[in-house]
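I have placed the structure first, in the form of structure tokens, so that the comments after it can refer back to it.
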Amino acid sequence: GGIHQYLEEFGSDGYFKGKNFVFDQRVALGPKGCERVGQCALCKTSFDDFDPGTVCTVCRDPVLVCHSCRERDPYKEWYCKDHVPLRGYYFTFLDRFTENELNEQKAKLADMHKAIKKGKQHKNRRRTLARQIDKIDARIKELNTEGKKILKASSSSSPPPPSSSSSFIRRTSS
């Protein structure tokens, strides 16, 4: 494309600063020794290495997250600048949370959902939150079903009565 040709012709001496994001396995291209203009979304250090695994949990947009922040985050879920307010309440993988934690997430998301203004311009935000609340409800239902199965299995599997042979002790004379 045009920017790529510009970078080949002028390199770091041109007006373009940083790397050019491309939509293939190369991810980002820039002249050798180019200036870093990006920063980690979490710690704000200078960083510009895109990784296909660091995308926003909500919208799937690429997010710059430095290596040390990637290692420190227990959930490995990232948020773009538009979805940072959902951090701690909106997760892709819900199976690691307890029912209480899920209910806390659901309550916070429901509050956010109620606070969004009515109208077409906020329709997608409301829909996104409503879908996540539905996912949480489904996971809570799944946990309750699993719990009932465990309770049912433990109550129906009472220990067998002792057999006469197990309580019989043979005495031998010495």
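Structure data summary
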{"read-out": "Inter-probe distance in nm under a simple model that places probes 7 Å from Cα toward Cβ, at Glu8 and Thr98", "value": "5.9 nm"}
{"read-out": "Pair Lys148, Ala130: separation of 7 Å Cα→Cβ label points (nm)", "value": "2.7 nm"}
{"read-out": "Whole-Hz couplings from phi, Karplus 6.51/-1.76/1.60, listed for the range 132-144; x for Gly and Pro", "value": "5, 4, 4, 5, 5, 4, 5, 5, 4, 4, 4, 4, 5"}
{"read-out": "Förster radius 25 Å - calculated FRET efficiency between Ser68 and Val37 (Cβ-Cβ, nearest 0.05)", "value": "0.80"}
{"read-out": "Distance violations [Cα-Cα > 31 Å] among Lys19/Lys117; Lys118/Lys141; Lys76/Lys114; Lys81/Lys118", "value": "Lys19/Lys117"}
{"read-out": "Spatial extent of the range 85-148: Rg and Dmax, with the Cα atoms as the point set, Å", "value": "12.6, 43"}
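FYI, it's all coordinate maths here, none of it is from the lab. Small disclaimer: the values here were computed from a predicted structure and weren't measured. Positions of Cβ are generated from backbone atoms using ideal geometry, with glycine treated the same way; all protein chains shown enter the neighbour counts.
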